[in-house]
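Comments concern the structure below.
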């Protein structure tokens with residue numbers, strides 16, 4: 001039957017009793033399977049972990065600059081590992097590092113969520129921030145108290 005149709009006889013389940021075969025164009029099947037695999041690879045996202053290092057005695061200007069950079073990483077969709085590096089006797093005051101990490105989390109709470117809460121790891125205190133789930137336009141409109149149609153009209157008006 002397969003030869004008459006100009007197709008291939010493909011064994012689908014060899015463990016079954018009797019074995020199950022199917023009449024199909026095998027070349028076309030392999031091509032479509034490769035295309036599906038290629039499409040799934042394209043749609044997958046690579047989460048990159050960026051790292052930003054702070055010190056307990058950081059000044060306000062440096063803190064703002066580094067935190068702005070952390071915000072940029074999170075808006076790109078990357079995770080950020082924030083590290084407080086202690087030197088010498090600074091490690092005896094982990095509350096200073098914890099305070100800095102809490103300040104960072106407060107600064108970026110609109111675009112990030114804390115995935116790994118601060119913990120002391122040797123001479124470093126580490127916290128991991130992940131990008132927050134993005135709201136759809138409908139959810140943002142509901143939060144703002146307007147209907148989705150009004151939000152769409154406002155977007156087109158701009």
* To do: For the range 99-120, enumerate the residues that are in a helix (DSSP H, G or I), buried (at least 17 other Cβ atoms within 10 Å of the Cβ) and more than 18 Å from the chain's Cα centre (by Cα).
  => 100, 101, 104
* Sort out which residues of the range 18-56 are touching a residue at least 24 places away in the same chain (Cβ under 8 Å) and either farther than 30 Å from residue 102 by Cβ or in contact with a helix residue (DSSP H, G or I) (Cβ under 9 Å, 6 or more places away or on another chain) (or both), and write them in order of number. => 48, 50, 52, 53, 54, 55, 56
* Structure fact -> The lone condition residue 138 fails out of (1) in a helix (DSSP H, G or I); (2) modelled with pLDDT of 90 or more is (2)
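The values are calculated or read from the model by the stated rules, or taken from the named source; none is laboratory data. Bear in mind that the values here come from a model prediction, so they are computed numbers and not experimental data. Note: ideal-geometry Cβ built from the backbone for every residue, glycine included; neighbour counts use all protein chains shown.
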